[in-house]
Amino acid sequence: MEKVIILLAIGYAIGFYIRGRRATADLAQAGQQIAERNTRLQSLDRQIAGRDTELSSLRRRISTLEAQAVDQKKDAERRRQYFQDNDLSNTQNQLHFISQCSLRAVRPVNKEAVQVLYALDE
């Protein structure tokens with residue numbers, strides 16, 4: 001009976017020893033997996049930080065391009081208005097330009113030219 005109890009105790013001891021070794025191996029493997037995941041998370045954090053920097057750079061670029069587009073639209077409108085105001089094919093503009101002119105005779109001008117100038121001035 002004593003031998004059976006001793007054999008049972010040895011069996012339990014061996015079982016605890018094997019379970020302890022497996023637990024230690026599992027714990028080491030889990031620690032290694034945690035370390036690998038932490039490394040991966042750090043890598044992902046760096047990638048996220050890089051993408052955030054890239055995103056903010058792109059946002060600044062977009063705002064700059066939008067400002068340039070607004071300036072280009074204003075310039076185009078200003079040029080269109082200037083063209084309309086100075087278009088010589090428009091008879092109203094021609095009359096406006098002629099009304100702004102002051103015509104006077106300066107020597108040497110012949111008599112016919114003086115008569116034409118004064119007729120145009122009226």
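Rule-based calculations on the coordinates, nothing more; no lab input. Not measured: the values here are computed from a predicted model. Every residue, glycine among them, receives a Cβ derived from its backbone with ideal geometry; neighbour counts consider all protein chains shown.
Summary table
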read-out: Helix runs (DSSP H) in the chain reaching 20 Å along axis by Cα, Kyte-Doolittle at least 1.6; value: none
read-out: Theoretical gain in end-to-end length, residue 18 to residue 41 [0.36 nm per residue, Cα-Cα removed]; value: 4.9 nm
read-out: Estimated FRET transfer efficiency when R0 is 30 angstrom, pair residue 53-residue 30 (beta carbons, to 0.05); value: 0.30
read-out: Gain in span if fully extended, residue 66 to residue 78, counting 0.36 nm per residue against the direct Cα distance; value: 2.5 nm
read-out: Simple Cβ-charge dipole of the chain, Lys/Arg +1 and Asp/Glu -1, about Cα centre, in debye nearest 20; value: 780
read-out: Global geometry of the chain, whether rounded, prolate or oblate, following the gyration tensor of its Cα atoms and the 1.5 cut on a/c; value: prolate
read-out: Given charges at Cβ of Lys, Arg, Asp, Glu: the chain dipole, positive-most of 12, 42, 67; value: 12
